[in-house]
Amino acid sequence: MGMQLGDSRSSGPRGDINVTPLVDVCLVLLIIFMVLIPQQVPEISVTIPPPPSRPTPRTNDGPLVVGLDRAGVVTLREQPVGRGQLESRLRRELEHRDRKAVFLDFDDDVAYVNAVAVLDQARSAGADVLAIVNPRGPTPTQLGTPRAPAPAPS
């Protein structure tokens, strides 16, 4: 690819292109674009609010579990609560929580009317998430069957 000096046999025009000036022009354009592009990127200004003057007290002592049994007894964290007091107690508990979730632990044969009433009270108290607790079935030892041994690692 070097420069070819005159040859006694071929003194006519040649068909290959000299690409060196083309590469030089491309490199100069690349450098120009690399310098100009960062100046064209818009600047984004973000205003961050100041930190609060005093931290808010948090009462994240654990999940809020509302229970309802077939007799219609309502419980909050396994403590019996009257139906009229449930909404105000939940509102107080949810007031300073980051995650306003209430877990529902209802018996299987609870009357539909009672379940919907408790759900409405939880929602109106400020609960954003209403989650149903997975029913707890009997363990294998409670059924009288021995536990299967864990498989040995290979």
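Each reported figure results from applying straightforward, stated rules to the coordinates on display, with no laboratory input. These numbers were taken from a predicted model, which means no experiment stands behind them. No Cβ is skipped: glycine too gets one built from the backbone with ideal geometry, and neighbour counts run over all protein chains shown.
For the range 64-132, what proportion of DSSP beta bridges, expressed in % and rounded to the nearest 5, is antiparallel?
40 percent
Take each of the peptides 24-32, 93-101, average the number of other beta-carbon atoms within 10 Å over its residues, and list them starting from the highest.
93-101, 24-32
Under a plain spin-label model, where a point goes 7 Å from the Cα along Cα-to-Cβ, how far apart in nm are R54 and I31?
Taking the two extended label points, one gets 6.4 nm.
Of T47, T75, T20, how do they rank once you tally other Cβ atoms within 10 Å and put the fewest first?
With the fewest neighbours first, T47, T75, T20 line up as T47, T20, T75.
Obtain the nm distance between the two label points defined at R14 and Q40 by a simple spin-label model: each point lies 7 Å from its Cα along the Cα-to-C-beta direction.
Each label point is offset 7 Å from its Cα along the Cβ direction, giving 3.8 nm.
Thinking of the range 37-123 as a set of Cα atoms, what percent of all their pairs are more than 17 Å apart?
58 percent
Scan around L64 for amide H atoms under 5 Å from its own, H built in the peptide plane at 1.01 Å from N, and keep only partners 5 or more places away or cross-chain.
It is F103, by chain and number.
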